[in-house]
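The values are calculated or read from the model by the stated rules, or taken from the named source; none is laboratory data. Quantities reported herein were computed from a predicted structural model and do not represent experimental measurements. Cβ placement follows ideal geometry from the backbone for every residue including glycine, while neighbour counts extend to all protein chains displayed.
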Amino acid sequence: SIKIAIVGAGSGYMPGVIRGLLHRAADLAGAELAFHDVHREHLALMARLATAMFAARGADFTVTSHTELKPALDGASYVFTTFRPGGMAARHLDESIPLKYGVVGQETAGPGGFLMACRSVPVLLRIAELADPDAWIVNYTNPTNIVTDAVLRYRPGTRIIGLCDQHVGDTEMWAELLGLPAARLEADWIGLNHATWAERVRLHGEPLDLPALLADLEIPGGGATPWRDPSRMAELARALGLLPNSYAKYYFFHDEVVRELRAKGTTRAQDISAMLPGYYASLAAEAAKPDPDPSRERGGGEHGEFAVDVICALHRDEDRRMIVNIRNDGAISSLDDDAVVEVPARIGRKGPLRSAMGPLPLPVRGLTQAIWTYERLAADAAATGDRRTALQALMAHPFVRDKHTAERILHEGLAAHRDHLPQF
Ligand code: G6P
């Protein structure tokens with residue numbers, strides 16, 4: 001039987017992960033699930049909820065709880081990481097400090113994500129050091145691409161796959177915009193995490209004529225959520241001649257978004273923090289029921305399903321096509337071999353098998369290469385704590401570039417987060 005460690009198991013996303021585990025209970029039967037979190041109450045709550053849900057559905061899992069990393073990781077074949085160092089309070093700083101200087105903070109793709117990388121990378125490096133040498137780290141901790149790059153280069157030999165389920169919801173959004181059945185639509189999303197692009201799309205496995213589809217695409221009004229903005233995405237698709245990832249909005253509508261965020265007045269972190277106490281309270285009430293079924297999940301189902309499916313694909317040698325963040329090694333010809341890219345790969349016991357996807361589309365090639373340059377510098381800065389590299393990273397970032405702005409964000413950001421930045 002196997003052991004799966006889940007680091008960050010007190011996360012609000014856990015009900016979705018538990019549901020994902022339930023769906024694959026037969027494939028993972030007998031597994032020990034070692035829950036780890038530094039937040040004791042949330043950890044205890046999720047362990048209670050999971051145990052009750054597994055018992056009610058007859059799933060053969062054993063849940064153990066840990067606040068120390070070592071016992072959680074010992075003997076684990078899979079280490080699923082899904083934590084945010086500093087929690088929502090830190091995210092609020094990530095989102096609000098850059099905005100003061102006219103830059104979208106953005107907790108993953110923006111300079112806010114840079115600050116988050118500086119907190120996440122040291123913890124992931126420690127996990128890579130403590131985990132069994134053969135363990136697979138299946139990482140959701142953001143920014144997933146920068147974290148993955150840092151682990152691959154600063155703990156060579158570690159087996160790590162960076163995950164993001166953004167493409168699942170994005171593909172659904174495009175299916176709706178293009179009037180196609182989502183379940184049968186497959187897109188070749190390639191690029192970098194939160195900077196992927198699709199020129200090749202298939203329906204029932206048959207290639208579609210994307211230029212023709214985009215020529216007929218109408219730009220819908222409104223409908224934006226915190227994750228998706230169909231109107232702006234349709235505008236971009238028509239201009240660029242490809243399907244962009246939802247995060248493209250921050251690159252191509254940057255100044256408009258700054259104005260919107262300022263007018264809104266609260267950060268996403270503040271909005272989430274306001275709902276979290278009620279959410280955890282409702283989960284606690286649910287966990288006490290004989291057959292708990294938490295319906296209000298913090299992140300939606302695809303997050304948990306996707307991570308569990310990746311673990312199953314590795315464990316059961318499924319050779320399944322999944323979009324993941326891995327070393328490039330020729331998958332995208334416009335990026336270095338040692339870049340960490342997001343590409344479709346076939347996942348089996350030996351890990352991900354990439355295939356050659358060709359170059360990046362010309363209209364976004366330079367932008368993607370610039371983002372990659374920033375990410376590489378960010379991974380180095382986060383791993384080493386070198387301030388000059390950190391400044392270079394922010395000066396390379398397409399939202400920032402301006403030297404004095406980069407200095408202000410860096411100075412204020414590193415000071416605000418100093419408790420989580422042992423390397424600086
Ligand atoms: C999407 C992104 C994730 C990100 C999340 C934030 O799912 O792909 O990388 O962490 O949104 O969602 P939230 O509800 O926390 O704003």
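So, Glu318, is that one modelled with pLDDT of 95 or more, part of a loop (DSSP other than H, G, I, E, B) and within 30 Å of Phe54 (Cα to Cα) or not?
The answer is yes for Glu318.
For the subset of the stretch 262-273 comprising residues that are in a helix (DSSP H, G or I) and under 22 Å from the mean Cα position of the chain (by Cα), which member is surrounded by the most Cβ atoms within 10 Å (Cβ to Cβ)?
Applying the filter and picking the extreme gives Ala269.
Quick one: His36 ticks every box in (1) over 21 Å from the mean Cα position of the chain (by Cα); (2) under 17 Å from Arg126 (Cβ atoms); (3) buried (at least 19 other Cβ atoms within 10 Å of the Cβ) except a single one, so which number is it?
(1)
Are there strands (runs of 3 or more DSSP E) fully within the stretch 159-253 with at least 2 residues that are under 22 Å from the mean Cα position of the chain (by Cα)? List them.
Working: elements: 159-162, 185-187, 190-192, 195-198, 201-203.
Output list reads 159-162, 185-187, 190-192, 195-198.
Within the stretch 106-135, which residues are of a type outside the set (D, E, K, R) and part of a loop (DSSP other than H, G, I, E, B)?
Gln106, Thr108, Ala109, Gly110, Ala131, Pro133, Ala135
Residue check: is Ser355 surrounded by fewer than 16 Cβ atoms within 10 Å (Cβ to Cβ) and of a type in the set (S, T, N, Q)?
yes
Listed here are the residues, each with its yes/no results for (1) among the hydrophobic types (A, V, I, L, M, F, W, C); (2) more than 16 Å from the ligand (Cβ to nearest atom).
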position	(1), (2)
Leu236	yes, yes
His254	no, yes
Val257	yes, no
Ala263	yes, yes
Thr266	no, no
Gln270	no, no
Gly278	no, no
Lys289	no, yes
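Met46 is checked against (1) under 30 Å from Gly413 (Cα atoms); (2) away from the ligand (no atom under 16 Å from the Cβ); (3) buried (at least 22 other Cβ atoms within 10 Å of the Cβ) and fails just one. What number does that condition carry?
(1)
Given the residues Trp197, Trp174, which is the only one that is in contact with a Ser or Thr (Cβ under 9 Å, 6 or more places away or on another chain) and within 16 Å of the ligand (Cβ to nearest atom)?
Trp197
Would you point out which residue out of Ser334, Ser282 is hydroxyl-bearing (Ser, Thr, Tyr), away from the ligand (no atom under 16 Å from the Cβ) and not in a loop (DSSP other than H, G, I, E, B)?
Selected residue: Ser282, the only one of Ser334, Ser282 that is hydroxyl-bearing (Ser, Thr, Tyr), away from the ligand (no atom under 16 Å from the Cβ) and not in a loop (DSSP other than H, G, I, E, B).
Given the criterion within 16 Å of the ligand (Cβ to nearest atom), closer than 19 Å to Arg376 by Cα, of a type in the set (Lys, Arg) and at pLDDT 95 or above, identify the matching residue among Arg91, Arg84, Arg119.
Arg119
Picking from Val103, Val147, Val151, which residue would you name as being assigned to a helix (DSSP H, G or I) and away from the ligand (no atom under 16 Å from the Cβ)?
Values: Val103 fails: assigned to a helix (DSSP H, G or I); Val147 fails: away from the ligand (no atom under 16 Å from the Cβ).
Of the residues listed, the single one that is assigned to a helix (DSSP H, G or I) and away from the ligand (no atom under 16 Å from the Cβ) is Val151.
Among the listed residues Arg153, Arg238, which satisfies the condition of being under 29 Å from Gly330 (Cβ atoms), at pLDDT 95 or above and surrounded by fewer than 17 Cβ atoms within 10 Å (Cβ to Cβ)?
Arg153
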